[in-house]
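What follows draws every value from the coordinates through simple rules; no lab data is involved. Given the structure is predicted, the values throughout are model-derived calculations rather than measurements. For neighbour counting, all protein chains shown are included, and Cβ atoms are generated from backbone atoms with ideal geometry for every residue, glycine included.
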Amino acid sequence: MAKNLSSAIQTGPLSVGNVVSASLRIYRDRFKSYFGLAFVANLWLLVPIYGWAKYSGILGLISRLAFGEVSENPETVSDARREVNPRMWSFLGAGILTFLIYLGVSFAGGIAIFFVGFGARAIFGQDGAIIAGLLIVVAVIAFFIIYIRIISRLLIVEVPLAVENNLTASSAIRRSWELTNGSVGRIQWIVFVGILVSLPLTIFVQILSTIVQLVLSAVLGAESGIFYLVYYLMIVLLSLGSGALVAPFWQAMKAIIYYDLRSRKEGLGLQIRDR
């Protein structure tokens with residue numbers, strides 16, 4: 001698979017289909033190992049702060065393992081863990097910084113949209129309600145375009161942090177921003193197709209949750225305290241399981257995008273083969 005990807009990269013950027021199909025192959029070939037790691041990671045989410053750092057670190061570990069597969073330098077889980085574990089708090093820091101960036105962009109976008117609507121009403125008065133509405137729609141569309149572009153620029157933050165040495169949380173964000181420059185449109189299509197691939201599982205979990213609710217309400221009674229307790233535990237288990245099923249696919253996809261970008265911009269594939 002890695003040789004096929006290397007050949008494809010030599011002729012230009014990997015296509016959306018190549019990235020998604022390669023992600024699925026890695027996911028299939030390493031399913032047992034990656035699913036186990038992802039499930040443990042999701043369990044750590046139940047523990048505040050330290051557990052969140054463990055969760056972030058394990059997702060970074062999966063990315064590193066997937067990168068090893070695609071770059072023809074596979075590692076064992078224990079070897080990769082020794083490299084990733086010391087960076088656990090950096091993964092959490094990168095996640096927090098990324099969240100703050102998204103939050104700041106959302107806040108600024110909300111203020112901008114408000115002032116567009118308020119300014120239009122102030123200029124055109126009551127008769128300009130339609131114009132104000134149209135301007136707000138345009139502003140909302142512009143905000144979503146900008147927001148999605150920023151998400152694309154920060155999509156692979158944890159991968160360089162897991163793979164490269166001497167990176168901090170902030171430098172990993174800069175690294176992702178640098179590598180994704182000029183590739184935002186293609187990354188957006190990859191993410192869109194990835195969402196479509198993940199959608200059947202999401203729908204299945206929603207249907208299963210509804211079935212569980214109906215069965216438990218029929219057996220235990222919808223108003224009983226034991227119903228809410230058992231239903232909550234079942235939903236938590238379903239959420240952990242579905243998250244563990246999806247996460248390795250996305251982490252493999254991020255690793256392949258990272259490999260593709262570095263290969264084209266920095267000759268990473270040649271460096272690996274020359275070792």
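Rounded to 0.05, the FRET efficiency of the residue 177 and residue 40 pair, given R0 = 30 Å and the Cβ-Cβ distance, is 0.50. Considering only alpha-carbon pairs that sit under 8 angstrom and 6 or more positions apart, the relative contact order computed for region 2-274 is 32 percent. For residue 165 and residue 203, the difference between the fully extended length at 0.36 nm per residue and the C-alpha to C-alpha distance is 9.7 nm. Shown in residue order for region 213-218 are the 3J(HN,Hα) couplings computed by the Karplus curve 6.51 cos²θ - 1.76 cosθ + 1.60 at θ = phi - 60°: 4, 5, 5, 5, 5, 6 Hz (x for Gly and Pro). Counting lysine pairs in region 2-274 whose alpha carbons fall under 20 angstrom apart, excluding pairs fewer than 8 residues apart on the same chain, gives 6.
The phi-based Karplus calculation (6.51 cos²θ - 1.76 cosθ + 1.60; θ = phi - 60°) puts the 3J(HN,Hα) values of region 183-196 at 10, 4, x, 5, 4, 4, 5, 4, 5, 4, 5, x, 5, 4 Hz, whole numbers, x for Gly and Pro.
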